1. Mind jotting down the distance between the C-alpha centroids of segment 201-235 and segment 154-188, whole Å?
2. Compare the peptides 145-156, 208-219 by average per-residue count of other Cβ atoms within 10 angstrom and give them in order, highest first.
3. For a quick protection proxy, order the peptides 197-207, 229-239 by their average other-Cβ count within 10 Å, most packed first.
4. Please enumerate, by chain and number, the aspartates and glutamates with C-alpha under 15 Å from the C-alpha of Lys232, excluding those fewer than 8 residues away in the same chain.
5. Return the Rg/Rh ratio of segment 33-171 with Cα-based radii and a Kirkwood Rh.
6. For segment 85-155, divide the Cα radius of gyration by the Kirkwood radius and give the resulting Rg/Rh value with two decimals.
7. Can you list the chymotrypsin sites (Phe, Trp or Tyr not before Pro) in segment 56-131 that are in a DSSP coil and have 16 or fewer other beta carbons within 10 angstrom?
8. Could you sort out which of Lys105/Lys226; Lys184/Lys257; Lys139/Lys207; Lys43/Lys250; Lys103/Lys229; Lys108/Lys229 sit more than 25 Å apart by Cα distance in this structure?
Amino acid sequence: MKKQKIPTIFNNILKEIDSTQVVIMAGGLGKRMGLNIPKALIKIHGKTLLDYCIEFYSNCGFHNIIVLVGFKGNLVEEYLKKNYPWVKVGHDPFDPSVKPVGKAKALKHALETGVVDSKKRMIIAFPDDLFLDPYLPLKLLMRHLHGVKLFDIWATAVFALPANYPFGVGVINGEGLVTEFKEKPQVEIATSTGVYLFEPPVYELIKEVDLNTPKPIEFEETIVPKLAKMRKLYSLTIHGNQWIPVNTTKDLEKAEKILS
């Protein structure tokens, strides 16, 4: 039987994957869950959040993965050396136990030190965000390339819609009476899941961040609003039920139930 030739489009997709690096921001602690370990090492159904995150992208062919560590980063680094020796590790520019950093500063430092390749696009991911669609990384890349071609965008953000609102919501009339109440409703607000895909032009905005400012700087508060204002930010929308943010003990229990 004649061997089937691989269509050119698939080879092109593989090239785009090779040109994309995944940067996992793993600097947080699990304090809100009563744990004094890096959040990335919290286990759900026998696997760490970091395991889920790395496998999520590597199963879609992304092999250039970088993990940026912060608080108790030595524990995360030891775990990676043992289980994922091919993953690159980057550190915060300052001791995070002494001086707050923030994700924008961490990204700038990673770019300046060469941990992140300034010539390749990057997906920014967080281990405490779990997704139920195993093909989402590929969908994000395809959607992003579509936006680059049509609108010359520099970045794409993944939004959940509708989003699962974590509080009770009341409808209150003019007399102060509650006429309707819903506990943890789904709301029609496009909510950022924390996953972004940046093209190299975005790095010039990141390099403007001042590492010496005393307060932490988050790219969601500085870089992303600039991109939106410049009309350089595209979107990929997923259903809120496909996204499981893990920030509290209740989130942890919910994720354990779903993934088991």
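1. Between the Cα centre of segment 154-188 and that of segment 201-235, the gap is 28 Å.
2. Averaged packing, sorted descending, gives the order 145-156, 208-219.
3. 197-207, 229-239
4. Asp152, Glu199, Glu204, Glu220
5. 0.99
6. 1.03
7. Trp86, Phe94
8. With Cα atoms farther than 25 Å apart: Lys139/Lys207.
Taken together, the values in this text are just the output of simple stated rules run on the coordinates, not laboratory data. Everything quoted here is computed from the prediction, not taken from an experiment. Counting neighbours? That spans all protein chains shown, and the Cβs are built from the backbone with ideal geometry, glycine included.
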